[in-house]
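All remarks here apply to the structure that follows.
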Amino acid sequence: MEERYLDATTADHAHRAARIDTRAIGARVALIALFLATSAAQASGHLPGLPVPPRDFADYAACKAHLQEAHRVDLATATDKPEEIRPGVTRQMLVETDGVVETGSKQATYSSRVGAQIRSRDEERGYIQTNYSYNEKQYACKGRTLTGTDGGGGYYSPGYEKIETKSSP
(Lines give C-alpha, C1' and ligand atoms only; values in the text may rest on other atoms or scores of the structure.)
Protein backbone atom coordinates (compact mmCIF):
# COMPACT_ATOMS: atom_id res chain seq x y z
CA MET A 1 0.00 0.00 0.00
CA GLU A 2 1.39 3.36 -1.07
CA GLU A 3 1.10 6.24 1.39
CA ARG A 4 1.08 9.91 0.49
CA TYR A 5 1.34 12.83 2.85
CA LEU A 6 -0.90 15.88 2.70
CA ASP A 7 0.16 19.32 3.88
CA ALA A 8 3.81 18.29 4.06
CA THR A 9 6.06 21.01 2.70
CA THR A 10 9.34 19.36 3.64
CA ALA A 11 10.52 15.90 4.56
CA ASP A 12 10.85 17.05 8.19
CA HIS A 13 7.15 17.89 8.34
CA ALA A 14 6.02 14.71 6.59
CA HIS A 15 5.85 12.72 9.81
CA ARG A 16 3.24 15.17 11.15
CA ALA A 17 1.05 15.18 8.03
CA ALA A 18 -2.04 13.03 7.66
CA ARG A 19 -1.50 9.76 5.79
CA ILE A 20 -3.98 8.92 3.05
CA ASP A 21 -4.36 5.60 1.28
CA THR A 22 -4.40 6.43 -2.47
CA ARG A 23 -6.65 3.47 -3.19
CA ALA A 24 -9.26 4.84 -0.81
CA ILE A 25 -8.98 8.25 -2.49
CA GLY A 26 -9.47 6.66 -5.90
CA ALA A 27 -12.60 4.84 -4.76
CA ARG A 28 -14.02 7.99 -3.19
CA VAL A 29 -13.29 10.06 -6.29
CA ALA A 30 -14.95 7.41 -8.47
CA LEU A 31 -18.07 7.43 -6.27
CA ILE A 32 -18.25 11.22 -6.28
CA ALA A 33 -17.82 11.30 -10.08
CA LEU A 34 -20.56 8.69 -10.50
CA PHE A 35 -22.89 10.66 -8.21
CA LEU A 36 -22.24 13.92 -10.06
CA ALA A 37 -22.70 12.31 -13.47
CA THR A 38 -26.03 10.74 -12.54
CA SER A 39 -27.19 13.89 -10.76
CA ALA A 40 -26.32 16.06 -13.74
CA ALA A 41 -28.18 13.74 -16.07
CA GLN A 42 -31.31 13.96 -13.92
CA ALA A 43 -31.11 17.65 -13.02
CA SER A 44 -33.54 20.42 -13.80
CA GLY A 45 -32.26 23.84 -14.64
CA HIS A 46 -33.24 27.49 -14.46
CA LEU A 47 -31.62 30.68 -15.71
CA PRO A 48 -32.82 34.04 -14.42
CA GLY A 49 -34.05 36.64 -16.85
CA LEU A 50 -32.03 39.63 -17.92
CA PRO A 51 -33.04 43.13 -16.86
CA VAL A 52 -35.19 45.01 -19.34
CA PRO A 53 -33.88 48.55 -19.82
CA PRO A 54 -36.38 51.01 -18.30
CA ARG A 55 -38.83 52.29 -20.89
CA ASP A 56 -40.97 55.37 -20.50
CA PHE A 57 -44.47 55.51 -22.02
CA ALA A 58 -46.67 58.55 -22.51
CA ASP A 59 -48.46 57.77 -19.22
CA TYR A 60 -49.41 54.94 -16.86
CA ALA A 61 -52.34 53.87 -19.06
CA ALA A 62 -50.00 53.33 -22.02
CA CYS A 63 -47.58 51.34 -19.87
CA LYS A 64 -50.41 49.17 -18.54
CA ALA A 65 -51.69 48.67 -22.11
CA HIS A 66 -48.23 47.31 -22.99
CA LEU A 67 -48.54 44.75 -20.16
CA GLN A 68 -52.01 43.78 -21.38
CA GLU A 69 -50.68 43.27 -24.93
CA ALA A 70 -47.85 41.06 -23.61
CA HIS A 71 -50.53 39.03 -21.79
CA ARG A 72 -52.62 38.66 -24.98
CA VAL A 73 -49.56 37.54 -26.97
CA ASP A 74 -48.63 34.93 -24.37
CA LEU A 75 -52.17 33.55 -24.17
CA ALA A 76 -52.26 33.26 -27.97
CA THR A 77 -49.36 30.77 -27.82
CA ALA A 78 -51.28 28.34 -25.59
CA THR A 79 -52.79 25.24 -27.16
CA ASP A 80 -55.92 23.55 -25.78
CA LYS A 81 -54.62 20.07 -26.43
CA PRO A 82 -51.40 18.37 -27.56
CA GLU A 83 -50.64 18.64 -31.28
CA GLU A 84 -48.74 15.90 -33.12
CA ILE A 85 -45.46 17.31 -34.45
CA ARG A 86 -44.25 13.97 -35.86
CA PRO A 87 -45.42 10.37 -35.49
CA GLY A 88 -45.52 9.44 -31.78
CA VAL A 89 -44.52 12.92 -30.59
CA THR A 90 -46.84 15.67 -29.37
CA ARG A 91 -46.31 19.24 -28.18
CA GLN A 92 -48.60 21.32 -26.03
CA MET A 93 -47.90 24.95 -25.28
CA LEU A 94 -48.84 25.92 -21.72
CA VAL A 95 -49.10 29.41 -20.25
CA GLU A 96 -48.98 30.15 -16.52
CA THR A 97 -49.92 33.71 -15.57
CA ASP A 98 -52.16 35.73 -13.28
CA GLY A 99 -52.55 38.35 -16.00
CA VAL A 100 -51.98 42.03 -15.37
CA VAL A 101 -52.27 42.76 -11.65
CA GLU A 102 -52.80 46.24 -10.23
CA THR A 103 -50.50 46.53 -7.23
CA GLY A 104 -51.19 50.09 -6.20
CA SER A 105 -51.94 53.56 -7.46
CA LYS A 106 -50.54 53.72 -11.00
CA GLN A 107 -48.67 50.45 -10.48
CA ALA A 108 -49.18 47.11 -12.22
CA THR A 109 -47.24 43.90 -12.80
CA TYR A 110 -47.31 41.12 -15.34
CA SER A 111 -45.46 37.83 -15.16
CA SER A 112 -45.74 34.69 -17.24
CA ARG A 113 -44.21 31.31 -17.84
CA VAL A 114 -44.73 29.96 -21.36
CA GLY A 115 -43.71 26.34 -21.69
CA ALA A 116 -43.58 23.56 -24.23
CA GLN A 117 -44.52 20.08 -23.05
CA ILE A 118 -43.17 17.45 -25.45
CA ARG A 119 -44.38 13.84 -25.10
CA SER A 120 -42.60 11.07 -27.01
CA ARG A 121 -44.10 7.59 -27.20
CA ASP A 122 -41.57 4.71 -27.32
CA GLU A 123 -43.46 1.50 -28.05
CA GLU A 124 -40.30 -0.67 -28.04
CA ARG A 125 -39.36 0.33 -24.51
CA GLY A 126 -42.96 0.63 -23.35
CA TYR A 127 -42.95 4.19 -21.99
CA ILE A 128 -43.86 7.78 -22.77
CA GLN A 129 -41.20 10.40 -22.05
CA THR A 130 -42.35 13.91 -21.15
CA ASN A 131 -40.03 16.92 -21.41
CA TYR A 132 -40.92 20.45 -20.36
CA SER A 133 -39.01 23.66 -20.95
CA TYR A 134 -40.19 27.22 -20.39
CA ASN A 135 -39.48 30.93 -20.80
CA GLU A 136 -40.31 33.52 -18.16
CA LYS A 137 -40.85 37.25 -18.06
CA GLN A 138 -41.73 39.70 -15.30
CA TYR A 139 -42.68 43.29 -16.04
CA ALA A 140 -43.77 46.16 -13.83
CA CYS A 141 -45.22 49.57 -14.52
CA LYS A 142 -44.55 52.26 -11.93
CA GLY A 143 -46.29 55.27 -13.29
CA ARG A 144 -45.28 55.55 -16.92
CA THR A 145 -42.02 53.56 -16.54
CA LEU A 146 -41.73 49.89 -17.48
CA THR A 147 -39.05 47.73 -15.85
CA GLY A 148 -38.57 44.01 -15.36
CA THR A 149 -36.79 40.93 -16.60
CA ASP A 150 -37.13 38.86 -19.74
CA GLY A 151 -35.44 35.83 -21.24
CA GLY A 152 -35.36 33.71 -18.11
CA GLY A 153 -36.32 30.11 -18.35
CA GLY A 154 -35.45 26.53 -17.73
CA TYR A 155 -36.49 22.93 -17.94
CA TYR A 156 -37.59 20.07 -15.75
CA SER A 157 -36.08 16.60 -15.64
CA PRO A 158 -37.77 14.23 -18.09
CA GLY A 159 -40.69 12.26 -16.73
CA TYR A 160 -41.54 8.70 -17.74
CA GLU A 161 -44.77 6.79 -17.62
CA LYS A 162 -45.43 3.23 -18.58
CA ILE A 163 -47.58 2.64 -21.64
CA GLU A 164 -50.66 0.76 -20.50
CA THR A 165 -51.28 -2.30 -22.61
CA LYS A 166 -54.79 -3.37 -23.43
CA SER A 167 -55.63 -6.75 -22.00
CA SER A 168 -57.15 -9.36 -24.30
CA PRO A 169 -60.67 -10.63 -23.46
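The values are calculated or read from the model by the stated rules, or taken from the named source; none is laboratory data. This one's a predicted model, so the numbers in the text were calculated from it and none came from an experiment. When we count neighbours, we look across all protein chains shown, and the Cβ atoms used for this are built from the backbone with ideal geometry, even at glycine.
Numbers below:
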quantity	calculated
Conditions (1) under 29 Å from GLY143 (Cα atoms); (2) surrounded by 14 or more Cβ atoms within 10 Å (Cβ to Cβ); number of the one not met by GLU102	(2)
Matching option when the condition is among the aromatic types (Phe, Trp, Tyr) and under 18 Å from ARG113 (Cα atoms), among TYR134, TYR160	TYR134
Positions within the range 42-64 being at pLDDT 95 or above and surrounded by fewer than 14 Cβ atoms within 10 Å (Cβ to Cβ), in sequence order	LEU50, PRO51, PRO53, PRO54, ASP56, ALA58, ASP59, ALA61, ALA62
Subset of the range 130-169 (residues that are free of Cβ contacts under 8 Å to residues at least 40 places away in the same chain, of a type in the set (Asp, Glu) and assigned to a strand (DSSP E or B))	GLU161
The range 118-129, subset charged (D, E, K, R) and part of a strand (DSSP E or B), residue nearest to LEU94 (Cα to Cα)	ARG119
Filter result for VAL95 (free of Cβ contacts under 8 Å to residues at least 12 places away in the same chain and β-branched (Val, Ile, Thr))	no
So THR79, is it surrounded by fewer than 17 Cβ atoms within 10 Å (Cβ to Cβ) and β-branched (Val, Ile, Thr)	yes
